[in-house]
Amino acid sequence: YGVDAIRILEGERPIFFSTNFGREALFSYLVAIYVALFGIVPQAMYVTSAIVGILTVPAVYLVAEELLATEEGAWGRFGGLLAALVVAISYWHLNWSRFGVRAILLPLFAAVTCFLLWRALRTDSKGYFAAAGFFLGLSMYTYQAARLLPLLVILGLVYVAVSRRRLTRRDLVNLFIVGLVALVVFAPLGYYFLTNPGSFSQRIGQTFILNESQKPTENLQALANGFMDTLLAFSTQGDQEPTTNLPGRPILNVFLSVLFFGGVFISLLRLKKPEYLFVLTWLAVMLIPAVLSQQGPIAKRAIGTLPAVAVSIAIGALGPWEMLNKRVTTRGSRWGKGVKVALGAAIVAGFVYSAALTYYDYFVVWARDPDQFTHFEVGPTAIGQYLATLPPEVAVYVSPVPPEHPSVIFNSRARPEIKGYDGRACLVVPEQSKLGATYVVVPGEDPNSLGLLHAYIPQGEIVAEGPLHYQQPYFLAFH
């Protein structure tokens, strides 16, 4: 994304990036804004995604408030705040908000689109329908899983019409407004897909679990496995990839998991209300990428469900409270009031526990893992930053990190003429240069180059060291 940003600031205006199996461009444009304001720094990707993650918290508040607007009691008063709190203290959301990839855009755009849609349905405002269409179209520039949002929007419109037991001309006009605005916004990307066959489905085809060469029973088994793995990832066994998760940590802790499944159960009991049916549909539709993918972290593939998960947890937390509150109000028993206080204290304690656990798991346990140095490419980043300080006349050789490594390119400010070689197999003799030549060697991976350089170029010397990695400099610069 940082290399994309440099290309954008140099004058390119891509609609879609074909590199890395194809990527939507909006996140790279946001990174480019940060780079334009604050320069080429590694924080460009991380701060951009963190800001998006922060904005998602009020967005979830708005959509939860809208979905529960017709409810009385605790659901109507506290549902939005509780859903926003779930997002704010969620390890799932915190991790992906700080990871620096485009997938974090999806929860924000899904929440905003659904908020505008539901506000439009409640107020019958053409402006809100148009705004929902705008964000729906713009969401197509975020992440592949956003391509399922149009289905969710259409079903939301259908549910409201069915709940009234009639489909009116006004409903068709509203659907037309949403669709027309969305298509206009999507048109440039749609034209790109039409003129670049295969780009639309390249990544999907690589990760799809169903295969024509397999027997139907094998495909059904793969589908069942995908569904179970996704379901278990929420409560018992999360992603094992240490780059994107504390290995094995589920998406939700025990407390939030119980509330989530409780919220799903309550929504099933209240299916006659389109809002609850919509929340369940949101979960089902946006889980499809996780269920049908055989590669990549489940938490990332399922990230479009995050707002709906937060709303479900709010419903699960407030449902027992609301039922108990009605019972106490009706009968006025002292025993019931005591249980109500105890339940409230348990809910508060559960959210405090969830917040503390998220902090501990992320900022203490995960942060102490020495392999984060490798996962977040601290070494190649440091190499690029060092190369950016060298005069352009200095010939540069890097071993064994390839000079086309994105972290090297971005942090060196796309420095030209960086030559790479594998010092484990050879030594490159320097070209003549006005200011000499600099070799940047990673001795932990290439133990040969420095000894050979000292032997063949005795006038050379070590002029810089990289950051410590396992008590040794990650790289040494020989000039």
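The values are calculated or read from the model by the stated rules, or taken from the named source; none is laboratory data. Just so we're clear, the structure is a prediction, and the values are computed from it rather than from any experiment. Note that we place each Cβ from the backbone using ideal geometry, even for glycine, and neighbour counts take in every protein chain shown. These area figures cover heavy atoms from the full protein model, side chains too; ligands, DNA and RNA do not enter into them. Shrake-Rupley method; radii C 1.70, N 1.55, O 1.52, S 1.80 Å.
Remarks
- All lysines inside 19 Å of LYS340 as judged from Cα atoms, apart from same-chain residues fewer than 8 positions distant: LYS326
- Here the Karplus relation 6.51 cos²θ - 1.76 cosθ + 1.60, evaluated at θ = phi - 60°, turns the backbone of segment 422-430 into coupling constants of 9, x, 6, 10, 7, 10, 9, 7, x Hz, with x for every Gly and Pro.
- Plainly put, the chain has a radius of gyration that is 1.05 times its Kirkwood radius, both from alpha-carbon atoms, as the Rg/Rh ratio.
- If the Kirkwood radius is taken over C-alpha pairs of segment 71-121, then at 10 °C and 1.306 mPa s the Stokes-Einstein diffusion coefficient equals 126 µm²/s.
- Toward the positive end of the charge dipole of the chain, with +1 on the Cβ of Lys and Arg and -1 on the Cβ of Asp and Glu, the farthest Cα among TYR141, ALA88, GLY248 is that of ALA88.
- For the peptides 452-459, 182-189, residues were scored by their other Cβ atoms within 10 Å and the scores averaged per peptide; the highest-first order is 182-189, 452-459.
- Given charges at Cβ of Lys, Arg, Asp, Glu: the chain dipole, positive-most of LEU324, VAL158, ILE40: LEU324
- Stokes-Einstein translational diffusion, segment 14-99 - Kirkwood Rh over all Cα pairs, 1.306 mPa s, 10 °C, in µm²/s: 106 µm²/s
- Note on segment 338-454: with charges restricted to the Cβ of Lys and Arg (+1) and Asp and Glu (-1), its dipole about the Cα centre is near 360 debye.
- The eigenvalues of the Cα gyration tensor, multiplied by 5 and square-rooted, give segment 354-456 an equivalent ellipsoid with semi-axes of 34, 17, 9 Å from largest to smallest.
- Segment 345-367-segment 269-313 distance, computed between alpha-carbon centres (Å): 23 Å
- Residue-wise HN-Hα coupling along segment 337-349, computed from phi with Karplus coefficients 6.51, -1.76, 1.60 (Hz; x: Gly, Pro): 5, x, 5, 4, 5, 5, 5, x, 5, 5, 5, 4, 4
- Peptides ranked, highest mean first, by Cβ atoms within 10 Å: ranges 347-355, 440-448: 440-448, 347-355
- Accessible carbon and sulfur surface of the chain relative to its total accessible area, %, 1.4 Å: 64 percent
- Average projection, convex hull of the Cα set of segment 1-145: 9.6 square nanometres.
- Taken one residue at a time, the phi angles of segment 135-141 give Karplus couplings (6.51, -1.76, 1.60, θ = phi - 60°) of 6, 5, x, 5, 4, 5, 9 Hz. Gly and Pro are set to x.
- Cα centre as origin, Lys/Arg/Asp/Glu Cβ charges: the chain dipole, Debye: 2660 debye
- Cβ-derived FRET efficiency at R0 30 Å, ALA464 paired with ARG13, nearest 0.05: 0.20
- Long-range amide H partners of HIS469 with built H, under 5 Å: TYR474
- Rel. contact order, % - alpha carbon contacts under 8 angstrom, at least six apart, the chain: 14 percent
- Crossing angle, helix 169-195 versus the chain [Cα axis fit, 0-90 degrees, rounded to tens]: 10 degrees
- C-alpha center-to-center spacing [segment 371-416, segment 46-78] in angstrom: 41 Å
- The mean accessible area for residues of segment 246-293, using a 1.4 Å probe and ignoring ligands and nucleic acids, is 39 Å² per residue.
- All C-alpha pair distances within segment 261-382, sorted into 5 Å bins from zero, spread as 2, 9, 12, 13, 14, 16, 12, 8, 6, 4, 2, 1, 1, 0 percent across the bins.
- Those GluC sites (Glu not before Pro) in segment 54-135 that DSSP places in a loop and that have at most 10 other beta carbons within 10 Å: GLU72
- Here the spin labels are modelled as points 7 Å beyond Cα on the Cα-Cβ line, and at GLN237 and LYS272 they lie 4.1 nm apart.
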